[in-house]
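Below: the structure, in structure tokens.
The values are calculated or read from the model by the stated rules, or taken from the named source; none is laboratory data. This one's a predicted model, so the numbers in the text were calculated from it and none came from an experiment. Glycine also receives a Cβ, built like all others from the backbone with ideal geometry; neighbour counts cover every protein chain displayed.
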Amino acid sequence: MERSARLEAFLERTRPVMDLGRAAAVLGWDQNTYMPPGGAEARAEQTATLTGLVHERLVSDETVHALEALEEEVKGASPGSFAAGVARVARREIDQMRKLPGKLVSDLARASSLAQNAWVEARAQSRFDLFRPHLEHILDLTRQVAGHLGYQDHPYDALLDRFEPDMTSAQVDRLFDQLKARLVPLVEAIRPRLDRVSDAVLRQSFPRDGQFQLGNEALRAMGFDFQRGRLDTSAHPFTTSFSRNDVRITTRVDEQNLAYALYSTIHEGGHALYEQGIPEELERTPLGDIISLGLHESQSRLWENVVGRSREFWQFVLPAAQRIFPQQLGGASVEELYRAVNRVEPSFIRTEADEVTYNLHIFVRYELERDLLGGTLDVAGLPEAWNAKMEAYLGIRPPDDAKGVLQDIHWSQGSIGYFPTYTLGTVLAAQLFRQAEQEEPGLRDSIARGELVRLKEWLNRRVHAHGARYTLPEMTREITGRDLEAAPYLEYLEGKYRELYGL
Ligand code: ZN
């Protein structure tokens, strides 16, 4: 690719920033996989130092001058060009960073590194009081962040914008209201019929090694490149990337349930394909980074649910599963597995929730975050508020805080304003798959034959190739010609579950 001197000068300034960010990611991966508990405090300082350096370099006058020179040069260039994309994405990031004092950025990094360890302990003991002071501190720092970034209507907008540029909480509210109007009645209609679908076949003893093997086979079929990535275990499954050629994913195995590790592996695998699919020429540039978490989540949800919970997927994967678990699955049918992995049941843990109730968990968190930030709820009242909302949306009350307010890692990481991106991604996944089916006739048959790479290659071309060039609303229009809409998702979900539950 032809690169001008100004573009090259700017990239020269930002490459070390990218490297520092990726180095911080290595420390984060290690913290959540292999680091012994004693490493916590030193790790918090190391993370704060790296994050501080990223900030310092990004907001420095030299970087800003190099960016201004580049912007001058790309004036009038096609917005889709590489140089214009770099300038636009970098400007957004640098403007945000410049609004935040370096000390606040380091303080938040240190606080969240410490809070993550406190959260692990609090969750293990189901004691919210151990986590509470950490969350209070993080919330205080996060409010300061929102104040510095600025917002029009609600502090939530400033935070959401960091994870989902171009979207406001008012837009989220509109979409969520449309979803609630159809999902809550759907859950109500299914509730008296829960017994119509059994997942007994999944609830046998499935040794850990076999589950790992099955997850690996699914990843391989999806086109995950093990030369450029690896799978480990952690308390909370996640994906992180040190470069497009080194993408790490984790899973968690429950030996009494076949679905948990398989679907979390497929989910993180969907994230990983995105990271591995970023074009080589975008590596170590602002366009090689993540711009929208909703977009990222659309990839994991597409694989986990639309593909992984389809009949076609089980036509392909059941023989492999039977080979690994002959005693447990030898007599099972595709239909039995298809029904089992789609069983609906209001439950406490978001990451184990079925497709129908999943978004209700997101509504709970989104509303609580808004109340916390808006000052109408304080941290002390959070466990009770959580339980009350669970009862309102799902009709169940968590027996303890580990199964309630303490279950997610996000708040300990300082990620407030993040949860809506899960539902945005879920909705977009259905819209993307509909588009893929139009452009790739017979796609479902390919999945049944185990040719999952056909979908991966479509995603490589249509989504991953753009890197961070487009925000979620822009990418949705670019690929589907339409805005993000609830309809494809609701039609997919209602069609599938009406059939399953005989509604
Ligand atoms: Zn995800």
Expected single match for of a type in the set (Gly, Ala, Ser), surrounded by fewer than 21 Cβ atoms within 10 Å (Cβ to Cβ) and modelled with pLDDT of 95 or more among 78, 126 is 126
Can you find a residue in the stretch 363-371 that is out of contact with any Asp or Glu (no Cβ under 9 Å at 6 or more places or on another chain), over 27 Å from residue 138 (Cβ atoms) and in the same structural domain as residue 266 (by TED's automatic domain parsing)?
no
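Residue by residue, here is whether (1) closer than 17 Å to residue 281 by Cα; (2) surrounded by fewer than 17 Cβ atoms within 10 Å (Cβ to Cβ) holds:
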position	(1), (2)
12	yes, yes
60	no, yes
65	no, yes
82	yes, no
94	no, no
101	no, yes
Odd one out for residue 199 among (1) within 30 Å of residue 465 (Cβ to Cβ); (2) away from the ligand (no atom under 15 Å from the Cβ); (3) in contact (Cβ under 8 Å) with a residue 24 or more places away in the chain
(1)
Does residue 309 fit the bill of being over 17 Å from the mean Cα position of the chain (by Cα), of a type in the set (Lys, Arg) and over 16 Å from residue 213 (Cα atoms)?
yes
Might you check whether a residue that is over 28 Å from residue 234 (Cβ atoms), touching a helix residue (DSSP H, G or I) at 6+ places or on another chain (Cβ under 8 Å) and small (Gly, Ala, Ser) occurs anywhere in the stretch 122-142?
no
Considering the stretch 356-402, residues that are within 17 Å of residue 419 (Cβ to Cβ) and among the acidic types (Asp, Glu), and then whichever is farthest from the chain's Cα centre (by Cα), we arrive at 371
Out of 404, 442, 425, sole residue that is modelled with pLDDT of 95 or more, buried (at least 18 other Cβ atoms within 10 Å of the Cβ), over 30 Å from residue 151 (Cα atoms) and not hydrophobic (A, V, I, L, M, F, W, C):
404
Considering the stretch 333-361 alone, what residues qualify as being among the hydrophobic types (A, V, I, L, M, F, W, C) and surrounded by 21 or more Cβ atoms within 10 Å (Cβ to Cβ)?
337, 341, 344, 356, 360
Residues satisfying the stated conditions in the stretch 316-364, i.e. within 16 Å of residue 261 (Cβ to Cβ) and touching a residue at least 60 places away in the same chain (Cβ under 8 Å):
317, 320, 321, 324, 325, 328, 329, 337, 340, 341, 351, 352
State which residue is surrounded by the fewest Cβ atoms within 10 Å (Cβ to Cβ) when the search covers only the stretch 227-260 and only residues that are part of a loop (DSSP other than H, G, I, E, B) and more than 16 Å from the ligand (Cβ to nearest atom).
256
Please list, ordered by residue number, the helices (runs of 4 or more DSSP H) wholly in the stretch 36-154 having 2 or more residues that are under 17 Å from residue 413 (Cβ atoms).
40-58, 102-125, 128-149
Condition check: more than 28 Å from residue 121 (Cβ to Cβ) and surrounded by fewer than 18 Cβ atoms within 10 Å (Cβ to Cβ). Does residue 45 satisfy that?
no
Boolean, residue 55 is in the same structural domain as residue 138 (by TED's automatic domain parsing) and either under 26 Å from the mean Cα position of the chain (by Cα) or on the phi > 0 side of the Ramachandran plot (or both)
yes
For the stretch 19-73, give me each residue that is of a type in the set (A, V, I, L, M) and in contact with a strand residue (DSSP E or B) (Cβ under 7 Å, 6 or more places away or on another chain).
25, 26
In this structure, is residue 275 farther than 16 Å from residue 236 by Cβ, more than 13 Å from the ligand (Cβ to nearest atom) and out of contact with any helix residue (DSSP H, G or I) (no Cβ under 8 Å at 6 or more places or on another chain)?
no
Quick one: which of 268, 335, 283, 312 is among the charged types (D, E, K, R) and within 13 Å of the ligand (Cβ to nearest atom)?
268
How many of the residues making up the stretch 467-484 are within 12 Å of residue 432 (Cβ to Cβ) and surrounded by fewer than 22 Cβ atoms within 10 Å (Cβ to Cβ)?
5
Answer from 329, 295 - the residue that is away from the ligand (no atom under 16 Å from the Cβ), crowded, with 20+ Cβ neighbours inside 10 Å and more than 24 Å from residue 190 (Cβ to Cβ)
329
Contact list, first residue from the stretch 259-272 and farther than 13 Å from residue 229 by Cα, second anywhere and near the ligand (Cβ under 9 Å from one of its atoms) and not hydrophobic (A, V, I, L, M, F, W, C), beta-carbon distance below 6 Å, six or more apart or interchain, is 263/304; 264/237; 266/304; 267/300; 267/304
Please tell me if residue 409 is outside the structural domain of residue 137 (by TED's automatic domain parsing), under 30 Å from residue 124 (Cα atoms) and at pLDDT below 95.
yes
